[in-house]
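To start, the structure under review is shown below, and the notes come after it.
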Amino acid sequence: MKNSGIEWIGEIPDSWEVNLVKNIFDITRGRVIAKNEIEDEPLEGYYPVYSSQTANSGILGYIPSYDFAIDSLTWTTDGAKAGTVFLRRGKYSITNVCGILTLKSEKYSLDYLNYAVGFSAYNCRRADINGYKIMSNEMAIIPIVVPSLEDQQRIAQRLDEKCGKIDELITNQEKQIEKLKEYKQSVITEAVTKGLDKSAPMKNSGIEWIGKIPCHWTNPKIKYYCKVESGATPERTHSEYWNGNINWFKTGELQNNVVFESEEKITYIAIRKSSVKIFPEDTILVAMYGQGKTRGMTALLKTASTTNQACAGILLRKEGFDVFYLWWVLRGAYDSLRQLANGSGQPNLSGALISDFLITKPPIQEQKNIVSYLDNKCGKIDRLIAIKQEKIEKLQEYKKSLIYEYVTGKKEVV
């Protein structure tokens, strides 16, 4: 073994070398592909479009043409998953927020470099306001460990076998988590629409997401008991507005959770000189728009805070509701709330749509009983989910350690 000269690589076999990505690959980026060009499903004659996202192997959608017909590597350029590397085969296109690496020589195994570049890129990510970044010029100078072609092929085969088994275990845990989440959602919806007394006489609410409710319940609009307001974003160009002591929440921080502290904070100057408003403790926040499953997600404020304009704040303005019950109702109505959104491209909720949303209202003591029941029942489900998530994290760490040992030669393929 010899010292590689790179701390996070450590020692490597004497015959191996450390090279830079730019010496092994041609490096390019994709192109802008409009959302209205992309189909969600793979129609006949359509080809995948890959982006910087990592869910679903990075597939953004499908278009009736392709830009590349060569095996290559792509990487995520920015965000929390920056540096994630995928091996691409066949015919495809990539967007402008995704980088692509094509081999310069046949003396390298792309299967091996998929692991080696992924390992190195993860260790070379640059911290950024959105998570991390690896731009093309930064990818070019990332060091990777390169053995002989024969060793590359053997290592790739071994890692394919071992990582494939680990990925199967991870997928199995993820499926179990999704089933638990679906079960939890059904428990919430059942409790806030049917109550806990199975013998109670029922009536038709006339509302699709609610269905039948106990005869002594009502189903008012949110605005009859609450006011709904939205936040704002202070101008980024004013440095004196930022890095203060006041919470400023964004939609991505709303995960049906209790929130105490935000990722970014603003100053009192921002509050005085912009349209930002402070929401008091026990305000329910709702994400009005956002990527993926964000729209419709909620949070309960436990400290006075501000939000951006994509968050709606629901504040009780008269008696009749337990705030924790109202929060459970909104979580139970997640899918129905999302369906209210309008607009092309990125559908949005609005304060008016949320205000007119119909919910259930049992007597206050029943509300408290339902809250107690759901806190207990959903707490148990959340603990099961946490156990499975911990298993996934341990499997992912084990996979990373295996890749590290093989692509740096610390573990030999016999």
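Criterion applied to L60, L73 was being modelled with pLDDT of 95 or more, closer than 27 Å to Y132 by Cβ, surrounded by 17 or more Cβ atoms within 10 Å (Cβ to Cβ) and within 28 Å of the chain's Cα centre (by Cα), and the one residue passing it is L73. Of the residues making up region 343-362, those that are out of contact with any helix residue (DSSP H, G or I) (no Cβ under 9 Å at 6 or more places or on another chain) and surrounded by 14 or more Cβ atoms within 10 Å (Cβ to Cβ) are N348, S350, G351.
Looking at region 82-109, which of its residues are of a type in the set (S, T, N, Q) and either in contact (Cβ under 8 Å) with a residue 60 or more places away in the chain or surrounded by fewer than 22 Cβ atoms within 10 Å (Cβ to Cβ) (or both)? Scanning region 82-109 gives T84, S93, T95, N96, T102, S105. The residue that is least open to solvent (accessible area, probe 1.4 Å), counting only those in region 167-210 that are part of a helix (DSSP H, G or I) and among the small types (G, A, S), is A191.
For region 367-382, enumerate the residues that are over 27 Å from the mean Cα position of the chain (by Cα), loosely packed, with under 15 Cβ neighbours inside 10 Å and of a type outside the set (G, A, S). Matches in region 367-382: K368 only.
The values are calculated or read from the model by the stated rules, or taken from the named source; none is laboratory data. This is a predicted model, so every value here is computed, not measured. A quick note on method: Cβ atoms are made from the backbone with ideal geometry, for glycine too, and the neighbour counts reach across all protein chains shown. The accessibility values were calculated without ligands, DNA or RNA, using every heavy atom of the protein model including side chains. Shrake-Rupley method; radii C 1.70, N 1.55, O 1.52, S 1.80 Å.
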